[in-house]
1. With modelled with pLDDT of 90 or more, surrounded by fewer than 22 Cβ atoms within 10 Å (Cβ to Cβ) and under 24 Å from the mean Cα position of the chain (by Cα) as the only criterion, which of B:R44, B:R70, B:R101 stands out?
2. At pLDDT 90 or above, more than 19 Å from A:F351 (Cβ to Cβ) and touching a Cys at 6+ places or on another chain (Cβ under 9 Å): is that true of A:L186 in this structure?
3. Search region B:201-245 for residues being more than 14 Å from every other protein chain (Cβ to nearest Cβ) and among the aliphatic types (A, V, I, L, M), and hand back the single one that is farthest from the chain's Cα centre (by Cα).
4. Among the residues of region A:346-357, is there at least one that is in contact with a helix residue (DSSP H, G or I) (Cβ under 9 Å, 6 or more places away or on another chain), under 28 Å from A:E260 (Cβ atoms) and modelled with pLDDT of 90 or more?
5. Being loosely packed, with under 14 Cβ neighbours inside 10 Å, farther than 30 Å from A:S265 by Cβ and among the β-branched types (V, I, T) is true for just one of A:T369, A:T387. Which residue is that?
6. Against the condition within 18 Å of A:A272 (Cβ to Cβ), at pLDDT below 80, of a type outside the set (S, T, N, Q) and not in a loop (DSSP other than H, G, I, E, B), how does A:P307 come out, does it pass?
7. So, of the residues in region A:174-185 that are of a type in the set (A, V, I, L, M) and in a strand (DSSP E or B), which turns out to be surrounded by the fewest Cβ atoms within 10 Å (Cβ to Cβ)?
8. Filter region A:548-564 down to residues that are at the interface with another protein chain (Cβ under 7 Å from one of its Cβ atoms) and more than 55 Å from the chain's Cα centre (by Cα), then give me how many there are.
Amino acid sequence: MDKITGTKSTRKATPKSNTRRVASRLAIRMARCLAGQKADRQHRAKTIFWPIVLLAAILIGICGIGTGAAQAQGLAAGPSINAWLGKRQTGFSMMPGERTTQVKPEEMYLGLTIPYQVSLENCGNVTPSIAKTDDFTVQAAGQHQTEISTPTIQRITTTYTYLLTPLRTGQLIAPVATVEVAGQTLTGPELKIDVLRQDRVELQVSTTPSSPVLMQEVTATVSVYIKALPDRYAKQDPMRILQSRTNSRPSLVIPWLDDENVPASLVPILTATEWREENVNLRKTGFHLNDWVHQRAMAGGIGILGPMVNTPVCISVQPSLVFRTDEDGVQVPYWRYDISRRFIAKQLGNFELPPCRFYGAVPMINGMTGQLQVEEIGAVGLSVKDTVRDVPLAGRPDSYIDAVGQFTIGARLTPQTLRLGEKMTLTLSIRGSGTLSQIRPPAVDKIPGIERNFKIFDPPGDELADDARIFSYDVKPLRTDVTEFPSFSVSYFDPISDSYKTVQTPKFDIKVEENTEVHVPGIGNGNGGPAGMELSDEGIFMESVDPADVGDDRPRVGLWLAGLLGLGVVYGLIAVGTMLIRRQSGNVALRRRRGASGQARTRLVEARRVAGNDPRAAADHVRDAIVGLIGDMLNLPPDAMTPGDAQRRLRQCGADQKTIDETRRILEACDGARYGATDTAVSSLVRDAQTLLVPLTKQLRGGNGGTK
Amino acid sequence: MTASADNTTRSQSSPRRMKARTVIGSVCLLLLTAIMTGCGANPRWIGKFERAQEELSKARTQAQYEDVARRYEEMLDEGAQCGAVYSVLGNAYVKAGKPGRAIAAYRQAQRYWPTHSFLQYNLQSTLGDNAPADESKPLIENLLFWQNWISYPGKFRLAAVVALLTFALGVGAIFAKSQLQPYIRRAAWVGLVFSGLFILSATYDWYRFDYQQHGVVITPEVVVRKGYSTESKPAFTKPLLEGTEFRVRQNRGDWLLIELPDNQKGWIPNTTAQTY
């Protein structure tokens, strides 16, 4: 029954109506409580208070559990992985949210690069793995770590940044990141990105020739096609237009311009440094190549070197206007820029040139305004795979000289008339395009017709020009009866026809004359070499030697020295002796004294000889002997001396009386003998004089010579 | 009396002078004979040489040529050191495939046959591209320009002959008549100068042939080292090839300190070279 109206409700109870009834009753009670009726207030306290308290308790309990849960979660948060495209810059972060700035490109051009970040939370010291994919190139670009530590939160986050470069157009999925933590593999999200194609810039990489032969020269070329601008700019080089209006230079990344990125099968002909010196410029014209920079000091205002600045290293290429057919079959004009590098295929097998990339601004015409503007464009030149094949073994001739290419071969021999023992020069020139630097000189000395009749000196001279390889051999004919230098074969491999080509050198007529100027001592006539002399196979003359020439020809140095010294000594003795002698012989008195005795003896011998025939002459000789002796010994003038004079002289010399008397007697006897002396008397006179000679000489020698 | 005394004196002294001249002349002749004549050809050597030559003409293999070369070496050891033996020894070594030893033999032959055409040719042919570049001659060889024209023993003989001639002129200047004396004395002085030059020439040859030791590499190649040990570092970037000639500067045990024509030095084992 309704209390107010007393009307009993007769409606049938339904669940919905029950709910309404309970709610209305509660509302009425609360209204009455609020209206202040005491009985009602007490009732209210009973009916309202406890439900509120109960509700509050429930709420507090929920919050507490939640906080506890939250706390439990923050202190021991599990590892997690996240990833996104673009670069997220994290500011000051706090729960519940973070303030972030995120770039999410929805589309990008093929060739451009997009950052890709992978975040690892509480994973410890692990690095994420990025799945390999053919759709992108992935390049690590660093990492950074943030740490949050509060009473309720503890979180260590490491963010790894990568640069993704798509390699094809379409909707691609970025490489998925995974990480192994405590035996569990966490996988990052799959991120999709639309890579769009553009036809404004295209790259094409090619190798020429394809499938090169071992040791063949290979040229790798990047062709950059930039679409020609319409209308009045149609004939203008877009790079020139760009450079005339902006300072930006589009970048070209060609990995195999750096030696470390060259496949092992290929060896660059010029090193990277040499290639750069030949091709690049610092004038900032053309393409900025491989992000190379050249550091130089900027000059200060007063000529003092200023700070270092980086100048981009650029390559400027003369383009050509070509037409390419698009998907609709329309001929579209493009400017083509070719950048090449040459290699030698050194190893057999497959090789791959890494993809090239273009990115940067290119000029374009705004379709709406018709104004010239620039647009950032990216393009990729896909990698090139090829194979280095071997020169075929089958059919390889013995005269093959490791030449691969197209060549012409010529030969020259000079002089063609010479004497035995002289040299000729065989010049072999190989001209053309191909592996000129790898060619080995033909083994001319092993050719049978040549080996028998000629001596070939190794190694030959070797000259490499731009389009020729020239070998020069010194050749000597071994005999005078050799009349021809035969032709021989030289072979090379032509990769275009894929076959070996053999060329015959011309034959040369030669004339070898006798060598008459060679003189061999000790042999025969000595006017020239023996007839028929020929060189041995070793190129030497095996001349015969006269056995009579054999002996010990070594100089006797000791004897020679002794002889020279002896000569000197002898000469010295002679010179000194003669000098002394001459000094002495200049003394007349001395000379007379020295010769006195001999002179006297000679006279006495003469006296004895003529005593028998001519006593007078004999007596004169005896007298001359005695007088001459006294005169010579005393250096008296050789005039007549009477016996008295002789006596007096002797007395002056201090001669003894006996000698004096004897001398006087003999002299007087000589004077007497002149006038009728007999031979007997003269003979005894001679004897007496001879007997007197010695004591008289002694007596005279002992005394001082007197002078007249 | 004066004239007769003088005549007597002169007649008495002329036999003495004649005697002196005779003695001096005999001494000169003896010396000349001693110097000019060597040992001469030993009949035993001639026989041996002829037999070796016969074997040389019959030899066909390298081993046979080596045997012939050994015979020539024996003759050299016995004392038959002359251009003929060294020359054919060099030929035998070339045929035996030992160019290093051949070069050593040819160089020694050159001392006795300095202008022998075949010898020069054979040496140059064996040296081939190893022939040393034209070196600048020492000053003394420019002064003594005949140094490489006259043989080693020839220079000694020439010096002796000129010295004897000078001696004779000197003695003649002492005893010559007063009218001729100045001329003979001048000639003697000229002779003395030439004697000095030829003596210097002979001495220089003795220095460079007998005093200085030379060598040739006889192995296919040898590494020259900075020290006399196989553990020493190589002195050059490349080994020396057979036929490379050098001067020996020092001997130490089994090692030789060699000096190349470009004055670079290093050590090699003495088994890899032949010295002379």
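The values are calculated or read from the model by the stated rules, or taken from the named source; none is laboratory data. On a predicted model such as this, the values are computed, not experimentally measured, just so you know. Don't worry about glycine lacking a Cβ; one is built from the backbone with ideal geometry, like all the others, and counts go over all protein chains shown.
1. Of B:R44, B:R70, B:R101, the one residue that is modelled with pLDDT of 90 or more, surrounded by fewer than 22 Cβ atoms within 10 Å (Cβ to Cβ) and under 24 Å from the mean Cα position of the chain (by Cα) is B:R70.
2. Spelling it out, A:L186 is indeed at pLDDT 90 or above, more than 19 Å from A:F351 (Cβ to Cβ) and touching a Cys at 6+ places or on another chain (Cβ under 9 Å).
3. B:A235
4. yes
5. Residue meeting the stated conditions: A:T369.
6. no
7. It comes out as A:V181.
8. Total satisfying the criteria: 5.
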